[in-house]
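Report on the structure given below.
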């Protein structure tokens, strides 16, 4: 079985992406980050998802991005609530974490190289999303090109690194349907950026609103919603 | 003064690069990494150099790349000794750390974005070097392109990120001459990959041999050498 490094936040998208990589026959090495995010609880979700979906290994790498700040997810900046889903693609909100996907992809590239894996999976989405620049197809293509120059593979012409983003052009409802068809237990995942004590989802941040829209349009009940 | 993020290992090249950025009128934010390297002593050198050269801030970010392994600098793999300098550009030695410069540049990009800095300095060299893929000009160009798609700047068309690599085509002797002309105290720096107790440089790893060649060809005495 070919090996793949799968970036896994523990949310809906990355968990569905991991389930898809498994279904496509990859031996999956799941990679999560403890980066100082206020929704640190997602790391526990990632561990549950990795174990349930049969990842060979799950590494949670610690990089304290609070050293740089500049985001509502890592800094003392309020997480926006109640935005309309339609407006989310316009402009970049304060929940954007500077260069986060570049850092995550760079680390996944390091692991892929030591594993001699040619495949990296990333559950980014550029349809029902918050307008983050590092979720767009042109960024992914540029990173893939860079990755193939950055490593032994680029010099020795052995493996060609491929960044798989199978969800990038799906709607959130499509992602819910796909995860459902793959048998993913959505109750294992976590999406909320700004958890309430409990823990419970806030129900009003971009991530909660996009998730709710996805389940509603797919006509599937969110098991996480039921538990709150 | 324009702001710049300067990657700083504490070695000869990155210290000269920081001195050059300062001379060119940049307000410098120095960034170092505690990544599980066996020559962790270089972090102390970086702190000395950053302070002496007047960096506005110096952040040492911890990312434990031992989680991925695959390098003599982070793993229990012997550091090659006594290689001829001429052969170093051929093939990639075991001291190569997978995707290291991609990770370092990604982190510098995050900081640059929060600082609203358009300039990143990296002291890579592709002449007197160990053949690492992520020191080559084509890698740097690809990363710069990616960086400009990865960030707010890429979407909003504000700042254009520039990766400066002023040493990339210099010989090690040229770098020594440049650092000397800039008044850099080379005694503050550290190059050895595999320090002996003391601490003292091993004198036989690629990094020691390249440093020695540079000082010798420049006709300048290495103050670090004198202290061993």
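Bear in mind these aren't lab numbers, they're just calculated from the coordinates by the rules spelled out. Because the structure is a prediction, the values reported are computed rather than measured. All Cβ positions, glycine included, derive from the backbone under ideal geometry; neighbour counts span all protein chains shown.
For this structure, a couple of remarks:
- Other-copy label distances relative to residue A:60, 7 angstrom Cα-Cβ extension, nm: 2.6
- Prolate is the label for region A:1-56. Its Cα gyration tensor axes, ordered a ≥ b ≥ c, give a/c of at least 1.5 and a/b above b/c.
- Folded to 0 to 90 degrees: helix B:206-218 orientation relative to chain B principal axis, Cα: 90
- Copy-to-copy label separations for residue A:220, where each label sits 7 Å from Cα toward Cβ, in nm and ascending: 6.3
- 222 nm mean residue ellipticity, helices alone, for chain A (DSSP H n ≥ 4; -39,500 (n - 2.57); rounded to 500): -11500 deg cm²/dmol
- Tensor-based shape of chain B (alpha-carbon gyration tensor, a/c under 1.5 rounded, otherwise prolate or oblate): prolate
- For the protein assembly as shown, the convex hull drawn through the C-alpha positions has a volume of 133 cubic angstrom per residue.
- Each peptide among B:182-191, B:11-20, A:196-205 gets the average number of other Cβ atoms lying within 10 Å of its residues, and from highest to lowest they stand as B:11-20, B:182-191, A:196-205.
- Placing a label point 7 Å from the Cα of residue A:83 along the Cα-to-Cβ direction, the distances to the matching points in the other copies come to 4.8 nm, shortest first.
- Chain B: angle of helix B:172-181 to the longest principal axis, Cα-based, in degrees nearest 10: 70
- Degrees between helix A:41-52 axis and first principal axis of chain A (Cα, 0 to 90, nearest 10): 60
- Residue A:3-residue A:44 FRET efficiency (beta carbon distance; Förster radius 25 Å; 0.05 resolution): 0.50
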